[in-house]
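See structure below.
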Amino acid sequence: MKTNVSIVGATGYTGLELVKILHTHPQFNLTYIANSEGNTTIDALHPCLTNVISMDVQKADPKDIAEVSELCFLALPHKTSMSFAKKLIALGVKVVDLSADYRLKLETYEKHYCPHEDKENLPNAVYGLPEFYEAEIKKANLVANPGCYPTATLLALLPFVEFIDESSNVFIDAKSGVSGAKWIVCETTHYVTINDNIFAYNPFKHRHMPEIIEKAKLLKNKDLKISFVPHLIPATRGMLVSVYTTIDENIDAKAILKEFYKKSEFVRIKETPVDIKSTAGTNFCDIFVEQNGDALFINSSIDNLLRGASSQAVVNANLMCGFEAGTGINKIAYVP
């Protein structure tokens, strides 16, 4: 028997990707789609779904969701998401939240976002990085789905944290496709600005930097000095992360990486530097590492909309509902 699921936040790209995955998922039955307004259909919102799927898009209501589904994906902005999640949890609905509202400790969250409105559920949220929290995710009622930058960075960095001197710096150069900036056009995502162009934004100030620092501390008990600089590139989807740091030169970095992820279904270790095309359309994270004495270069790529959001959310939902992690998840890239 299939598990009934809902999506709140159907207007954006991550909501669309969730619809696409769940429409063909063998164990999930998509029973409810909503946004803040309703009174439309999913194929009217996203014409690419014409003659594929036509469902009404409702004005989001927690009680209606609880009547027709056991789990809900929240593809909402921060602050909006937590006010909705606490109502769903009170009604017995499991939640996979794609916003930042449950990813961080209270102090860290309020320093970089806003006052938190759901302090009761925040301590019970499980960080949805399956390679590290699979056992906890299986028992969770609330999963905080990581964003694209932390996912690509942490998967690259964490195998080597214990070999990094805490007095040295970790430099992270991250590049994202424009879809990571959501579907609303602004000055930086305007065609004339981004076409044939590339630029950094929020260097050392991006909200994902404290998330990376906090998770490295929680998982590996290391206070790393991280400098994080994101860039926007003229591509629709994809993310490329390059990490530079100093390590104990007596290790074999390639062997460590292969051993670390030898049982990981969605991490692929590459022998040459990675690219964004090979992971586009999939839940894979490709990782390459090169060592030069005590200098270390780690290179990772993901699809920012999928592994960095929607497909990872479905992997988390699979685990929460007792299914195999890879159920219904695409493994074939959009190549060429």
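The values are calculated or read from the model by the stated rules, or taken from the named source; none is laboratory data. Quick caveat: nothing in here was measured; it's all calculated off a predicted structure. No Cβ is skipped: glycine too gets one built from the backbone with ideal geometry, and neighbour counts run over all protein chains shown.
In the set HIS78, HIS46, HIS25, only one residue is at pLDDT below 95 and either in contact with a Cys (Cβ under 8 Å, 6 or more places away or on another chain) or buried (at least 18 other Cβ atoms within 10 Å of the Cβ) (or both); that residue is HIS78.
Could you say which residue among ASP248, ASP252 is touching a residue at least 60 places away in the same chain (Cβ under 8 Å) and surrounded by fewer than 15 Cβ atoms within 10 Å (Cβ to Cβ)? That would be ASP248, the only listed residue that is touching a residue at least 60 places away in the same chain (Cβ under 8 Å) and surrounded by fewer than 15 Cβ atoms within 10 Å (Cβ to Cβ). Selection over region 232-284 of residues that are of a type in the set (Ser, Thr, Tyr) and over 22 Å from ALA333 (Cβ atoms) gives a count of 3.
Remark: ALA156 matches the filter, which requires a residue to be under 27 Å from VAL267 (Cα atoms), assigned by TED's automatic domain parsing to the domain that holds ARG237, of a type in the set (Gly, Ala, Ser) and touching a strand residue (DSSP E or B) at 6+ places or on another chain (Cβ under 9 Å). The set of residues from region 201-232 being surrounded by fewer than 17 Cβ atoms within 10 Å (Cβ to Cβ), modelled with pLDDT of 95 or more and over 21 Å from SER167 (Cα atoms) comprises just one member, HIS231.
Of all residue pairs spaced 6 or more apart or on separate chains, those with beta-carbon atoms under 9 Å, a first member in region 291-315 that is closer than 15 Å to TYR13 by Cβ and a second member that is in a strand (DSSP E or B) and of a type in the set (S, T, N, Q) are ASN304/SER176; GLY308/SER176.
Only residues that are without any contact (Cβ under 8 Å) to a residue 24 or more places away in the chain and either in contact with a Lys or Arg (Cβ under 6 Å, 6 or more places away or on another chain) or part of a strand (DSSP E or B) (or both) were counted in region 255-290, giving 4.
Taken together, the criteria exclude ALA253 from residues that are in contact with a strand residue (DSSP E or B) (Cβ under 8 Å, 6 or more places away or on another chain), assigned by TED's automatic domain parsing to the domain that holds LYS94, on the phi < 0 side of the Ramachandran plot and modelled with pLDDT of 95 or more. Each residue in region 131-173 was checked for being buried (at least 24 other Cβ atoms within 10 Å of the Cβ) and among the small types (Gly, Ala, Ser), and 3 pass.
The number of residues in region 9-65 that are farther than 24 Å from GLY281 by Cβ and of a type in the set (Phe, Trp, Tyr) comes to 1. Among the residues of this structure, VAL335 does not count as one that is in the same structural domain as LYS139 (by TED's automatic domain parsing) and out of contact with any Pro (no Cβ under 9 Å at 6 or more places or on another chain).
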